[in-house]
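Below is one structure, written out as structure tokens; the observations come after it.
What follows is calculated from the coordinates using simple rules that are stated; it is not laboratory data. Remember, predicted model here, so these are calculated numbers, not experimental data. Note that each Cβ is placed from the backbone with ideal geometry, even for glycine, and that neighbours are counted across all protein chains shown.
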Amino acid sequence: MESPQRVQTLAESGLSLLPEEYIQPPDLRPNRSTDTTTFAATVPIVDLASSHGGPLPELRRACAEWGAFHVVNHGVPLRLLDAIRGAGLSFFAAPMAEKLRFACDPASPASEGYGSRMLAKDDGVLDWRDYFDHHTLPESRRNPSRWPGFVPSYRDIVVEYSNSMKELAQKLLHLISRSLDLPPSYIEEAVGEVYQNITISYYSPCPQPELALGLQAHSDMGTVTLLIQDDVGGLEVLKDGEWVIMQPLPDAIVVILADQMEIISNGEYRSAQHRAIVNSNRARLSVATFYDPSKARKIYPAPQLINEHRPAKYREVLYGDYVSSWYSKGPEGKRNIDALLIQ
Ligand SMILES: O=C(O)CCC(=O)C(=O)O
Ligand SMILES: [Fe+2]
């Protein structure tokens, strides 16, 4: 399969019109009348310093009503957040020939490396995004020789960041389990061995941002995603039918609940539909760390959360089957988890 067109190459060629493959149909474009600035809700902020190991009422509300929130006082050193953003920027600033040495295999979904398309077979509208995906956990999947060696310390930073994000994700999963009145380790055990990927996304300036999306609306397929962004802004989350910007907070980490969390919580908590919009003058960088079950894991609603008033809402699913269906159908909002609903 031919390598896909890199968005950065297109953007740097100085075109003034957006190529047709990137033009969204009118109902999916950003800045429509529903993107009103008058919508008052802002994404919740959860302060881990106030938890003292106990449950946080604002965490429960954020998970149930939004499926996404900012976390502050998370314990991850701020220099590490800057270091991974800096490493990513250095990669994308490098000459194309250097970057292409790390190109991912365009024929296989979720292959590691430098990529531009989320789906191997994509006949839909393309995202205005390039990315670098790293396979980071379990350690047997870690192969730093596939990560850019030409950026100083890049490989060490990714390893340190991976370990730190695993620790934070586990801390959050404990708190989330407790907030559902489950034993603290319930969700961690339900998903089993952690499969972690780290994706650095780079959104080049776009000639007609009102017609494009950096990343189409989707929910993440795994358990939980931890994301950091720069000061440009562009991540939006769907709340009560409105797209709400997740304002960049310099030291915070964005937490996005993914589909397996919605299943395990029997729908008490929701996976957040989100997307990235782009702009015409500044490139934007984000780093998303995905915490997923192994493909052999069966995921089902926690029995403690099922009773006569709240029957099981989702069918059991083998996580590997869920992933295959996601890649063959594409995200299109939340249709993959909706397919598991028990009517
Ligand atoms: O770049 C962003 O802000 C969103 C990235 C994202 O949602 C993803 O990689 O799944
Ligand atoms: Fe996402």
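If you go through region 309-322 and keep only what is out of contact with any strand residue (DSSP E or B) (no Cβ under 6 Å at 6 or more places or on another chain) and crowded, with 20+ Cβ neighbours inside 10 Å, you end up with Y314, Y322. Which pairs have Cβ atoms under 6 Å, sit 6 or more apart or on different chains, and link a residue in region 196-218 that is away from ligand 1 (no atom under 14 Å from the Cβ) to one that is part of a strand (DSSP E or B)? Once the first residue is away from ligand 1 (no atom under 14 Å from the Cβ) and sits in region 196-218, no partner that is part of a strand (DSSP E or B) comes close enough. Mind checking which residues of region 188-212 are in contact with a helix residue (DSSP H, G or I) (Cβ under 7 Å, 6 or more places away or on another chain) and either within 16 Å of ligand 2 (Cβ to nearest atom) or among the aliphatic types (A, V, I, L, M) (or both)? Matches in region 188-212: A190, V191, V194, Q196, I198, I200, Y202, A212.
Residue check: I306 meets all listed conditions (1) away from ligand 2 (no atom under 16 Å from the Cβ); (2) crowded, with 18+ Cβ neighbours inside 10 Å but one, namely (2).
What are the residues in region 170-184 that are assigned to a helix (DSSP H, G or I) and of a type outside the set (K, R), if any? Q170, L172, L173, H174, L175, I176, S177, S179, listed by residue number. From the list E112, E98, the one residue that fits, being in contact with a helix residue (DSSP H, G or I) (Cβ under 6 Å, 6 or more places away or on another chain) and either surrounded by fewer than 18 Cβ atoms within 10 Å (Cβ to Cβ) or under 30 Å from G320 (Cβ atoms) (or both), is E112.
Among residues of region 85-103 that are in contact (Cβ under 8 Å) with a residue 12 or more places away in the chain and assigned to a loop (DSSP other than H, G, I, E, B), those with a beta-carbon under 6 Å from a residue that is surrounded by 14 or more Cβ atoms within 10 Å (Cβ to Cβ) and not aromatic (F, W, Y) at least six positions away or on a different chain give the pairs F102/G113; F102/P148.
Within region 61-80, how many residues turn out to be touching a Leu at 6+ places or on another chain (Cβ under 8 Å) and within 21 Å of I263 (Cβ to Cβ)? The total comes to 4.
Kindly provide the set of residues from region 230-246 that are within 11 Å of ligand 1 (Cβ to nearest atom) and either touching a Lys or Arg at 6+ places or on another chain (Cβ under 7 Å) or farther than 30 Å from E188 by Cα (or both), ordered by number.
So the first thing to find is which residues in region 230-246 are within 11 Å of ligand 1 (Cβ to nearest atom), and the list is 230, 232-237, 245-246.
The answer is D230, V232, G233, G234, E236.
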